[in-house]
Amino acid sequence: MKASYLRAAHCLEVEETPIWMMRQAGRFMASFQKIRQRYSFIELVKTPELATHVTLMPIHAFSMSAAILFSDITVIADALDLGLRYKEGFGPSVERPIQSQQDVDRLVIPDKIEEKLSYVMEAIKMTKQELDTVPLIGFAGAPFTVMTYLLKDNLSRRPRECMKWILGSHSVVHSFLDTLSCLTASYLNAQIKAGVDAIQLFESQVLSWSLFTTYALPYLKKVIQRLENPKNIPITLFGTSFTSLYPLLQDIGAHVISFDSRMSILKMRQAIAPHIAVQGNLDPYYLLAPKELLKKEVMAILESMEGQRGFIFNLGHGVFPEVPEDHVKFVVDIVRNFDAKRAQCGKKG
Ligand code: CP3
């Protein structure tokens, strides 16, 4: 069935289980590595033709049920003129990080983010033209996670020092998070206007109940409240700590919650309200396992979720660069075969 991803996200009946994988366009693909030999990561992100090409790679190679725009959560730093850069082997960072209230006060939210980040909007439009019926997921980082990547001394990579700074900088942190929430909402609104079919917000930092409640939840809520979503496209919240935080996530307006691998997805399905879909949650380490073991794990998820509405097959986090490409294809084939068998049984019966 076409657009099984969108139907499952709205908890409607589907004929096949939708499957896509976080970081499905990345270094584990030989075709990605090849294109990276010619272009830097930032060039790929900022050149709409290249971003479109990379977005489509996993659709062509593995026929995923959804495409996710090739970009990065740190791209939003470009809208604030913080000087986005990318160090090979390290990742994204900014030339002018935030370290004081003056730095936050100096930030200007652009009136027209669609012009400031026009390369993102162009990539969305180009990708949509190529995709036919496969839906395109736009995304942004959740304010807390994005904040950590924009702080001084690359604090995002040193959790203890990062949290020490955050806990000791109460008002700077809250005013920065407030600015980021407004900016993130207008960034996502521009993506919706440019034509994405769905949105995913990434809360990738590991957070306790208390830290999440204080620094993340109010700002996630603010982003979602500010979304202009006339077509009611599905909004997914992904978080690396969501199997413990789920009671806090149910009434903030998300259509889908994407879970980490710490709890069975069936348990999470049963724990949350039936009108919210669940996404997940194969442990990404299993993609490195021998195929037999990988198959066992995928089948266990599929069998446990059989007959449940509102289920999107994904990983608990992203695909590792070391994963063999044929293991990704293998997983997609298992999911599709499982559905085909189920349909046949249905017809016979
Ligand atoms: O395929 C997709 O998932 C779409 C594209 C995408 C990327 N990053 C491309 C990317 C998405 C959705 C992201 C989100 C992102 N970026 C997150 C949230 C999801 C998560 O993984 O928790 C975070 C925390 C980032 C920040 C980031 N980007 C880091 C820390 C790094 C360096 C470390 C790493 O994992 O490589 C990146 C780089 C990055 N973003 C790559 C890709 C394909 C690797 C690029 C390369 O080195 O060639």
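Structure notes:
- Check on Val146, touching a residue at least 24 places away in the same chain (Cβ under 8 Å), under 18 Å from the mean Cα position of the chain (by Cα) and surrounded by 20 or more Cβ atoms within 10 Å (Cβ to Cβ): yes
- Of all residues making up the stretch 309-325, the number that are away from the ligand (no atom under 12 Å from the Cβ) and more than 20 Å from Ala61 (Cβ to Cβ): 3
- For the stretch 243-250, the condition holds for at least one residue, the condition being that it is β-branched (Val, Ile, Thr), surrounded by fewer than 22 Cβ atoms within 10 Å (Cβ to Cβ) and in contact with a helix residue (DSSP H, G or I) (Cβ under 9 Å, 6 or more places away or on another chain).
- Checked across the stretch 195-203, the condition of being in contact with a helix residue (DSSP H, G or I) (Cβ under 7 Å, 6 or more places away or on another chain) and away from the ligand (no atom under 14 Å from the Cβ) holds for at least one residue.
- Test for Lys222: is it more than 15 Å from the ligand (Cβ to nearest atom), farther than 19 Å from His170 by Cβ and of a type outside the set (Gly, Ala, Ser): no
- The sole residue among Leu69, Leu82, Leu12, Leu44 that is of a type in the set (A, V, I, L, M, F, W, C), within 29 Å of Ser181 (Cβ to Cβ) and more than 14 Å from the ligand (Cβ to nearest atom) is Leu82.
- Members of the stretch 20-77 that are surrounded by fewer than 19 Cβ atoms within 10 Å (Cβ to Cβ), of a type in the set (Ser, Thr, Tyr) and within 17 Å of the chain's Cα centre (by Cα): none
- Hey, Gly141 within 14 Å of the ligand (Cβ to nearest atom) and at positive phi or not: no
- Selection within the stretch 22-37: residues that are within 8 Å of the ligand (Cβ to nearest atom) and among the hydrophobic types (A, V, I, L, M, F, W, C). The member of this set that is modelled with the lowest pLDDT is Ala25.
- Criterion applied to Lys112, Lys125 was being farther than 20 Å from Asp178 by Cα and away from the ligand (no atom under 16 Å from the Cβ), and the one residue passing it is Lys125.
- Here the stretch 47-56 is the region considered, the condition is being away from the ligand (no atom under 11 Å from the Cβ) and polar (S, T, N, Q), and the residue that is farthest from Ala194 (Cα to Cα) is Thr47.
- Verdict on Ile257 being among the aliphatic types (A, V, I, L, M), on the phi < 0 side of the Ramachandran plot, crowded, with 21+ Cβ neighbours inside 10 Å and within 16 Å of the ligand (Cβ to nearest atom): yes
The values are calculated or read from the model by the stated rules, or taken from the named source; none is laboratory data. Since we're looking at a predicted model, the values are computed, not measured. Counting neighbours? That spans all protein chains shown, and the Cβs are built from the backbone with ideal geometry, glycine included.
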